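Just so it is clear, none of the values below were taken in a lab; they were calculated from the coordinates. If you're wondering where the values come from, they're calculated on a predicted model, not measured in any experiment. Here the Cβ positions follow ideal geometry from the backbone for every residue, glycine too, while neighbour counts run over all protein chains shown.
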Amino acid sequence: MPDSPARLRVEATADRQFGTNSYLVWDEATQDAVVIDANLEPDAMVALVRERGVKVRAILLTHTDVDHIGGLPGLLAEFPDVPVAVHDAEREVVEAGKPLRQTNWGFELPPVAKLDRLQEGETYRAGSLEFEVLHTPGHSPGGVTLKIGNALFTGDALFAGSIGRSDFHNSDGQLLLDSIKGKLLAEADEMLVFPGHMAPSTIGRERKLNPFL
Ligand SMILES: [Zn+2]
């Protein structure tokens, strides 16, 4: 993990259809980077990677709804050897192309060179970056929050002023609340929240103002 948050940089790109955030996270000292989630406009992320001159070491998935993985073919075409990391509960989606929801999603995932695990309580290392994995299911079974330095990438669990949908057949609203309250609100007020959609926030702000909590 970067010794100080000052070494850590975060930038986002969002697609126009779903407003889903893909994040580029990198260590300024080493230029090692990861992409968190693959929205439907991977070209914007590829352009950002080139502009910043960073080395993508892995693609991490907070979960596997189509708006978060639809850009994987585009990213893997550009970074063919990087591992893709996902929680075991949604591994099949990436490994076997089995859609997370009961919908026909109309695209094919290319074979992934290396499929890594994101496991509760474990550290995921990508070059000089080290992420702590918090399993935060409820929106989907394998939803994870990735923690590094003073940043939490919460996927579709926690948003600024809102929480993820739990009306899908494999969602669980109570479990989502338990995930957020038990794991995310256990974090310090200063922790930055980078959600799967919309603007960033902080744990303190969500603790105080989020009407769903
Ligand atoms: Zn989403």
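Structure notes:
- Amide H contacts under 5 Å for residue 128, placed H, 5+ residues apart: 32
- Beta-bridge orientation, the range 78-206: approximately 70 percent antiparallel, per DSSP, counting only bridges with both partners inside.
- The chain, helix-only ellipticity at 222 nm - DSSP H runs n ≥ 4, -39,500 (n - 2.57), divided by all residues, nearest 500: -5000 deg cm²/dmol
- Here's the list of lysines a cross-link from residue 114 could span, going by alpha-carbon distance under 28 Å and ignoring same-chain residues fewer than 8 apart: 55, 98, 147.
- FRET efficiency for residue 165 and residue 92, using Cβ-Cβ distance with R0 set to 22 Å, rounded to 0.05: 0.60
- Label-to-label distance, residue 102 versus residue 130, with points set 7 angstrom from Cα along the beta-carbon direction: 4.4 nm.
- Residues with amide H under 5 Å from that of residue 202, placed H, sequence gap 5 or more: 193
- Of the GluC sites (Glu not before Pro) found in the range 24-96, the ones in coil according to DSSP and having at most 15 other Cβ atoms within 10 Å of their Cβ are 28.
- For the range 1-160, a Kirkwood hydrodynamic radius built from all Cα pairs, placed in the Stokes-Einstein relation at 10 °C and 1.306 mPa s, yields a translational diffusion coefficient of 103 µm²/s.
- Extension reserve of the residue 174-residue 9 stretch, reckoned as 0.36 nm per residue once the Cα distance is removed: 56.0 nm
- Under-5 Å amide H pairs with residue 21, H placed in peptide plane, nonlocal only: 197, 198
- One chain, two ends: residue 199 and residue 150. Fully extended at 0.36 nm per residue, the span grows by 16.0 nm beyond their Cα-Cα distance.
- Cα-derived Rg to Rh of the range 128-213, Kirkwood definition: 0.94
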